[in-house]
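Below is one structure, written out as structure tokens; comments come after it.
What follows draws every value from the coordinates through simple rules; no lab data is involved. A quick note: this is a predicted structure, and the numbers were derived from the prediction, not measured. As a convention, Cβ positions derive from the backbone with ideal geometry for all residues, glycine included, and neighbour counts pool all protein chains shown.
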Amino acid sequence: MNTPTIQRTVRAACPHDCPDTCALRVTVEGERIVRIQGETAHPPTQGVLCTKVSRYAERTDHPERVLTPLKRIGPKGAGQFQPVSWDEALADIAARLRTIAARDPEAILPYSYAGTMGLVQGEGMAARFFNRLGASRLHRSICAEAGGEALLQTYGAKIGTHVERFAESRLILIWGSNSITANLHFWAHAQAAKRAGAKLIAIDPRRTETAEKCHQHLALRPGTDGALALGLMHELIVHDWLDHDYIERHVEGWPALRERALQWPPERAAEVCGLTPEAVRQLAHDYGTTAPAAIRLNYGMQRVHGGGNAVRLIALLPCLTGAWRHAAGGLLLSASGWAKAVKNPDALERPDLLAGRTPRTLNMTTLGADLCHPGSPTFGPKVEALIVYNSNPAAIAPDSAQVIAGLKREDLFTVVLEHFLTDTADHADYVLPATTQLEHWDVVCSYGHTWVTLNEPALAPRGQSLPNSDIFRRLAAHMGLDDPCFADDDRTLIRQAFHEGFDIEALLRDGWVHLDVPAAPFAEGGFPTPSGQARACAPGLPLPDHVPNLESPERTPALAARYPLAFISPPARHFMNSTFVNVASLRAAEREPLLELHPQDAAARGIVDGQPVRVFNDRGEYHCTAHVGERARPGVVNGLGVWWRKLGRNGTNVNELTSQALTDLGGGATFYDCLVDVAPLA
Ligand SMILES: Nc1nc2c(c(=O)[nH]1)N[C@H]1C(S)=C(S)[C@@H](COP(=O)(O)OP(=O)(O)OC[C@H]3O[C@@H](n4cnc5c(=O)[nH]c(N)nc54)[C@H](O)[C@@H]3O)O[C@H]1N2
Ligand SMILES: Nc1nc2c(c(=O)[nH]1)N[C@H]1C(S)=C(S)[C@@H](COP(=O)(O)OP(=O)(O)OC[C@H]3O[C@@H](n4cnc5c(=O)[nH]c(N)nc54)[C@H](O)[C@@H]3O)O[C@H]1N2
Ligand code: SF4
Ligand SMILES: [Mo]
């Protein structure tokens, strides 16, 4: 006779760097995961998860999970380790860091990003630890800085149209976003709008699965979105599709912007964008004459040098037509500003522990250059210790050759907190086993919607793994840092993460809390800028313009002659950046590292579909399989990211080709501003 099984359900929150921030319902039996579903009662989730996270059990109980601390026994990068006890690992790490900190704590560099977006396992205890040491600070620029800075300059905050309101829009521009891959729950609202008669237009160099399902697709050249926005403004002006009253009251610097836009007739914009003038006119007509019209802008289009200027220009469009008057009009790039109002980073991260010191800040995008820097009076000390958590820089940072050269330095002491032996962990002196979202407490705010979601542990830590928070707590103890804040447990950190007035009891009781937000944020203006207006230009803020790619025929003709193809590397649907690449079922769905080429570009190089190719430029070479077809537009090739190097064809990935150059605003990464050529692999 079978013994009856007792199942429990636990409320969790998806930790990934995805605007949807789903609530998960985890069913467990003892310590076994029975199933993982989307919460039906959580409004943004609606009971639906993406394929990746539906497979979370496969990742959590992966046979290759790191379950004990590991110490390097082979050459750097070889991935040869032996298990050691926590005490041995932490005592040795503490001794090494103490010695370096005694010389100069800025020689210690933390490196983290959004492996988890949880506030507790993100920069909570970790930030306290590094602040107390006075370590170098990290500018977390790799994803969204150009667009984020552009929103702050234009609107004064990173807020916009509420995602669920798109269901009521009559026209939706899906601009630089592959929503089906990267923003699935937005796509559900866009589908609802489509069923109700709305027109959907995708603006994307790649014919994505999302673009395919829109009524129209404008495949512009990468990095030309600013020119398109100026061309649209030109048409809005000459046809008088403007909301003069809204502009008068709520837009600063309109006369100057008007003058600039009038220099961008559709012919000029179309020439720059690689579109027809008719396509620009049609788009302007649709946008100028349909209400409510909403733009789902996403970060794909700002990963180029001119990304900041382009976002500023696009963000001004709904201010000119008065689309902001409608709750279902306007623009959404980020909703993170809503949660910012309730978060209390001073209490969570304790910058006061710096005690008046202002350590240097290094940009995570230029990790390669920074690790290879010998140190100088302007740079500061050479980086001697690198502590990586929630990130896989060997795979995801640009210009990998330099990142790897840095990680291979014999005199660099590297500690990596991880679930798996990633490309980065392979270069560690110590790998420390971290818990996953199913094994620790956390709370996650969203940058795509307006709910705050609690994560309760469903399982005890697997093996000897520990939450990031606990690893930093113990490291602090081993280093003799005795500030009482290092004793705060994770549930205390959740409380400390928010200002008084945020209903923490409701969060703990219900599992999520909706933030108090207005339905139509800028219907009456009220932009949180110094002037209270949306800003085209202002004292100290120059007018935005189209800024061509750093690597482009316009700016670098000699380079473009040698490397005539623009290379973009957007996310693969079944991976989350470099996460999930080692999960067999998801890797099987992506099949292999690939490069999409247009038939013309393939034919010109004697490349046929399915053939192995090398993609190359002066920075390096990436081997993958050619997919010849209409997903790529002529002159642009798409290498879907971000494979683990060691699972790739020649031990590299897309970032072997990308550059460490920064964006015009915010010091962001320029992954999609990259020229290459392609040849058949002999
Ligand atoms: N499945 C899956 N989901 C993800 C991720 C993932 O890796 N996998 N990553 C997550 C993260 S970290 C982020 S930041 C978001 C990113 O999601 P998005 O913000 O949507 O950004 P990307 O996927 O980088 O790019 C979106 C689209 O922009 C297009 N694009 C590239 N260059 C340009 C350009 O110059 N102009 C225009 N108009 N379009 C351009 C690309 O072809 C791509 O289809 O997605 C998150 N969601
Ligand atoms: N060429 C190219 N490169 C890109 C991009 C692109 O579009 N093209 N996209 C860029 C973007 S938008 C982003 S956001 C970055 C993303 O870069 P990262 O934030 O580094 O993202 P991931 O590659 O997902 O790596 C996260 C790592 O954190 C680990 N992790 C997850 N949870 C935990 C935890 O609780 N504790 C610990 N210790 N570890 C944990 C995971 O196992 C994983 O290895 O990549 C960028 N790189
Ligand atoms: S990755 Fe995005 S869509 Fe998938 S479960 Fe997480 S929040 Fe939801
Ligand atoms: Mo990102």
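At a Förster distance of 22 Å, what's the computed FRET efficiency of THR556 paired with CYS372, Cβ-Cβ distance as r, to 0.05?
It comes to 0.40.
Given Cβ point charges of +1 (Lys, Arg) and -1 (Asp, Glu) and nothing else, what value in debye, to the nearest 20, does the dipole of region 146-333 about its Cα centre take?
460
Calculate the dipole size of region 604-682 relative to its Cα centre from +1 charges on Lys and Arg beta carbons and -1 charges on Asp and Glu beta carbons; express the result in debye to the nearest 20.
Here region 604-682 has a charge dipole of around 280 debye.
Answer rounded, prolate or oblate for region 146-333, using the Cα gyration tensor with square roots of eigenvalues a ≥ b ≥ c: rounded when a/c is under 1.5, else prolate when a/b is larger than b/c, else oblate.
Rounded is the answer for region 146-333, as its axis ratio a/c remains below 1.5.
Determine the calculated [θ] at 222 nm for the chain from helices alone, applying -39500 (n - 2.57) to every DSSP H run no shorter than 4 residues and normalising by the residue count; nearest 500 deg cm²/dmol.
For the chain, the value works out to -8000 deg cm²/dmol.
Tell me, what is the FRET efficiency for HIS239 and ARG35 to the nearest 0.05, using R0 = 60 angstrom and their Cβ-Cβ distance as r?
After rounding to 0.05, the efficiency reads 0.65.
At a 4.7 angstrom Cβ threshold, list every cysteine in the chain that has nobody to pair with, or say none.
Within the chain, the cysteines lacking a partner Cβ under 4.7 Å are CYS18, CYS50, CYS143, CYS214, CYS273, CYS319, CYS372, CYS445, CYS485, CYS537, CYS624, CYS674.
Cross-link candidates for LYS76: which lysines have Cα within less than 18 Å, leaving aside residues fewer than 8 places away along the same chain?
LYS408, LYS646
Under a Cβ-only charge scheme (Lys and Arg +1, Asp and Glu -1), can you give me the dipole magnitude of the chain about the Cα centre, in debye to the nearest 20?
Roughly 760 debye for the chain.
Label region 513-581 by shape, choosing from rounded, prolate and oblate, from the square roots a ≥ b ≥ c of the eigenvalues of the Cα gyration tensor; if a/c is under 1.5 it is rounded, and otherwise prolate applies when a/b is larger than b/c, oblate when it is not.
oblate
Pick out, from ALA89, ILE108, GLY79, the residue whose Cα sits farthest towards the positive end of the charge dipole of region 69-109, with +1 on the Cβ of Lys and Arg and -1 on the Cβ of Asp and Glu.
Comparing the listed Cα positions along the dipole, GLY79 ranks first.
Using amide H atoms built 1.01 Å from N in the peptide plane, name the residues 5+ places from VAL66, or on other chains, whose amide H lies under 5 Å from its own.
Sorted by chain and number, the residues that satisfy this are PHE420, LEU421.
As I understand it, the dipole of the chain uses +1 on the Cβ of Lys and Arg and -1 on the Cβ of Asp and Glu, about the Cα centre. Which of LEU559, VAL583, LEU333 lies farthest toward its positive end?
Highest projection toward the positive end goes to VAL583.
With the Cα gyration tensor of region 557-680 in hand, convert its eigenvalues to equivalent ellipsoid semi-axes via √(5λ) and list them largest first in whole Å.
21, 20, 12
Report the paramagnetic label zone for VAL84: residues of region 98-119 whose backbone N is under 11 Å from a point 7 Å from Cα along the Cα-to-Cβ axis.
none
Could you work out the local net charge near GLU58, counting Lys and Arg as +1, Asp and Glu as -1, over the other residues with Cβ closer than 13 Å to its Cβ?
+4
Could you work out the Rg to Rh ratio of region 403-525, with Rh taken as the Kirkwood radius (inverse of the mean 1/r over all Cα pairs)?
1.08
What is the order of HIS574, HIS234, fewest Cβ neighbours within 10 Å to most?
Result, fewest neighbours first: HIS574, HIS234.
Place a label point 7 angstrom from the Cα of ALA604 along the Cα-to-Cβ direction, then list the residues of region 214-228 whose backbone nitrogen is under 13 Å away.
No residues fall inside that zone.
In whole Å, how far is the Cα centre of region 511-571 from that of region 315-329?
16
Mind sorting CYS18, CYS319 by how few other Cβ atoms lie within 10 Å of their own Cβ, fewest first?
CYS18, CYS319
Please report how far the C-alpha centroid of region 52-113 lies from that of region 627-667, rounded to the nearest whole angstrom.
Cα centres, region 52-113 to region 627-667: 28 Å.
Expressed in nm², what is the orientationally averaged projection area of the convex hull enclosing the Cα positions of the chain?
Result: 30.9 nm².
Looking at the P(r) of region 7-60, how many percent of alpha-carbon pairs lie beyond 12 Å?
Distances greater than 12 Å cover 61 percent of the Cα pairs.
If you plug each phi of region 564-581 into the Karplus form 6.51 cos²θ - 1.76 cosθ + 1.60 with θ = phi - 60°, what whole-Hz ³J(HN,Hα) values come out, in order, with x for Gly and Pro?
Coupling constants for region 564-581: x, 9, 7, 10, 10, 9, x, x, 7, 4, 9, 10, 10, 6, 9, 7, 5, 4 Hz.
Among the helices of the chain (complete DSSP H runs), which have Cα atoms covering no less than 24 Å along the helix axis and a Kyte-Doolittle mean of at least -1.0?
86-103
Note down the net charge around ALA192, summing +1 for each Lys or Arg and -1 for each Asp or Glu among other residues with Cβ under 13 Å from its Cβ.
Net of charged neighbours comes to +2.
Restricting to Cα pairs below 8 Å that are 6+ residues apart, what does the relative contact order work out to for region 378-515? Please round to a whole percent.
19
For region 322-395, which trypsin sites (Lys or Arg not before Pro) pass both filters: DSSP loop (anything but H, G, I, E, B) and at most 16 other C-beta atoms within 10 Å?
The qualifying sites are ARG357, ARG360.
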